[in-house]
Each structure stands twice: as structure tokens, then as C-alpha cells.
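Novice: Once you've had a glance at the structure underneath, I'll fire off some questions.
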Amino acid sequence: MKILTVIGARPQFIKAAAVSAAIQQTDGIQEVIVHTGQHYDPNMSDIFFKEMSIPKPKYMFDLGGLSHGKMTGRMIEKIEEACIKEKPDYLLVYGDTNSTLAGALAAKKLHINVAHVESGLRSFNMRMPEEVNRMLTDRISSLLFCPTDLAIENLKREGIQYNDVHWVVKTGDVMLDAFRLFQPYSTKIEGLPDQFALCTLHRAENTDDLAKLTNILSALNQISDEINVVIPLHPRTAKVIEKYNLKFAQGVKLIEPVSYFEMIGLLTSCSFVLTDSGGLQKEAFFAGKACITLREETEWVELVESGFNQVVGSDKSKILSAFKNIENVKVNPKLDLYGQGDSAYRIVKELMKMQKEFG
């Protein structure tokens, strides 16, 4: 069986590392990797392949930095060429990026089965490009690998359930696999405060809205009066900060983008997390840290319902209120919200099973 795996963004590299490791340990599967180049900064891309021993991409495109339409269109064209040449049995995609949707569309139009890892997630915010990507990808996927029961219920509400057209399978979350697999290799960044809050900020809904970004940075500056704030600076955010000459308090420390091993080290060392990332909300939980989410909604409602995550958006007063409450948040990372860390093997098992039954 041949699998063509399409990846292009940092969270996908992490998920693919776990699944690729399981594929390499399974007889009868050949994996060919396509890297769309959606994240083209070496600090945001290449280093993940080196650190996590992801097989070198056979196909590498340079399609980052374009508008959504141009990027997705050119990705479809390039991935279609790879599909025609490789003739895979399945095309495997992860998450909710432009790379995800482009891969799924290219394969579906060539009658190649699409397998979607992290299927069924919903923010119910159709203004988010990620929401559009994940919904469309789910609709045309043959194998839908869901991390939670709620993800399966979301699909059912949209008329997608287990049948001859769709295989909907609860596998748990491959990010838990990756976190446990690579935690022993976590790297400490020197020169950081003994106690600090870890913050990441990169979503367009925040960085492209100066009022929202200013509110968030103002809150971070105020929080830094009580605890240092460390921000690995995403390239998009760095450009906006430079453009508007935005200022930070002395207690806010900006650092370069970090590798996955360094991020695990930061999660291990920090007191709590503030983020507008999707994946980091879960990784904070895996590390036993409380999270303040700088978005209006989250796909990971289990964390909110368990009291481990406070969703506050860009409202300064809500951010500061969540900060004042953070000491009362006790995270139990052993709670079974996202499986047992064997999701990658479950995914490979289902791929083999479907191939055996349907060819």
C-alpha cells in the first residue's frame, strides 16, 4: 500500500512525525511525503524534519506567502502532479490548513481515497479559513480519524457517519503521541527567567487587527508586572510589531521562533500558557499547565469544560481576569481526554484494514 502524505505547516509536521514513525514500523506500507512549503521559514519548517526524523519529502514546493486563493490553487496543481506520478492508494492530510484542503481536493478529483487526521473538529466560526478547510476536507474524505467523541458527534450533525462511503473512527489525538514520544528530548532555552508565562500569538484574526493586537499586548505588559512573559515570536507577528513600532514592558521577553523540542522545554518550565494557537492548548494540558486562549472560541471544548482552559478573546479585562484566576486552575494531565498516546498506530491499523476490505 502506498500513502501520499501532504504536509505544509508546523502542527502538521508534529502530527506526521508520530504517524510516520508508526508507518515505518509496519510492514507493507510505503509513505511518500509532499511538503507544500506553506511554512517556508527554516526555523518554522526544516528544523522539525531534522529533530523528529520525519522522512525527507520527495516533493518540496515553495508556495508560502501567497494569498489563500493563489496558495490553494497552486498547491492543488502541484499535488495533482504528484498524485498522477505516484498513484497512491491513499492521500493522508492533517488538520485544517490550505495544504489540507488542497491535498484533499486534488486526490478526490483523481478518485484517490482521502484520509483526514484530526477530523470532526469545529469552532463554528465560518470566518476562520481553518473552519472552511476542515469542513470541506471532512466532506470529501473516505477515512475520518477523530480525536474525540465530540468530533464524531459534530460529523453526525453534518450527515457524515460510519458507512460504505465514510469510515469514521475515534483514534485519540496524535499530538499526545508526539508529545510523549519527544518529551525526553525536550531542550531548555538558556537565559530565561526562573518563573514565566509562555505566550504565542500568530493568528491573523489577532495580528491583522491592530485594536485586538494592542489590547492583547497591553494585557501582557500588565501581566508582566507580576510574572515575566516569554513570547517566541512568529514571523507574521514580528512584522506587525515592527510596522507599528509596538512597545513591550521590561518583563516581556521576545525570543526567536523555537523548535518543537524547545517548545516542549518551555511548556515544561513555564507557569501557565497564553495562546491563540489550537495545538498549544492541548500541549499545555499534556504538560499539566493551565491555558488562557486568546480567541473567541476553541475546537478543544473538553479543556474548557474540565476547567483547564479559559477562552477570553482579545478583551483586555477578560485576559487580566483569567490571569487573576490562573492560580485556582489545577490541571490533571492524566485525565483521558485525548486517548492513550497510541493514536498513530490506530490510524495505521485502520488504513491497513480499509485497504484489505476495499482495495
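Novice: Considering only segment 192-205, state which residues are modelled with pLDDT of 95 or more and under 30 Å from residue 64 (Cβ atoms).
Specialist: 192, 197, 198, 199, 200, 201
Novice: Then there is this: Given the options 156, 108, name the one that is basic (Lys, Arg), part of a helix (DSSP H, G or I), within 20 Å of residue 347 (Cβ to Cβ) and more than 21 Å from the chain's Cα centre (by Cα).
Specialist: On inspection, the qualifying residue turns out to be 108.
Novice: Still on this model: Working only within segment 100-155, note down all residues that are farther than 23 Å from residue 68 by Cα and of a type in the set (Val, Ile, Thr).
Specialist: Hits for segment 100-155 are 112, 148, 152.
Novice: Next question, about the same structure. If a residue must be modelled with pLDDT under 95, touching a Ser or Thr at 6+ places or on another chain (Cβ under 9 Å) and not in a helix (DSSP H, G or I), how many such residues does segment 67-93 contain?
Specialist: Matching residues across segment 67-93 total 0.
Novice: Quick check, is residue 219 modelled with pLDDT of 95 or more, under 21 Å from residue 310 (Cα atoms), outside any helix (DSSP H, G or I) and over 20 Å from the mean Cα position of the chain (by Cα)?
Specialist: Criteria not met by residue 219.
Novice: Also, I was wondering about something else. Please go through segment 329-346 and pick out each residue that is buried (at least 19 other Cβ atoms within 10 Å of the Cβ) and under 16 Å from residue 290 (Cα atoms).
Specialist: 331, 337
Novice: Additional query: May I ask you to list the residues in segment 157-181 that are surrounded by fewer than 13 Cβ atoms within 10 Å (Cβ to Cβ) and hydrophobic (A, V, I, L, M, F, W, C)?
Specialist: 165
The values are calculated or read from the model by the stated rules, or taken from the named source; none is laboratory data. Worth saying up front: this structure is predicted, and the values here are computed from it rather than measured. Don't worry about glycine lacking a Cβ; one is built from the backbone with ideal geometry, like all the others, and counts go over all protein chains shown.
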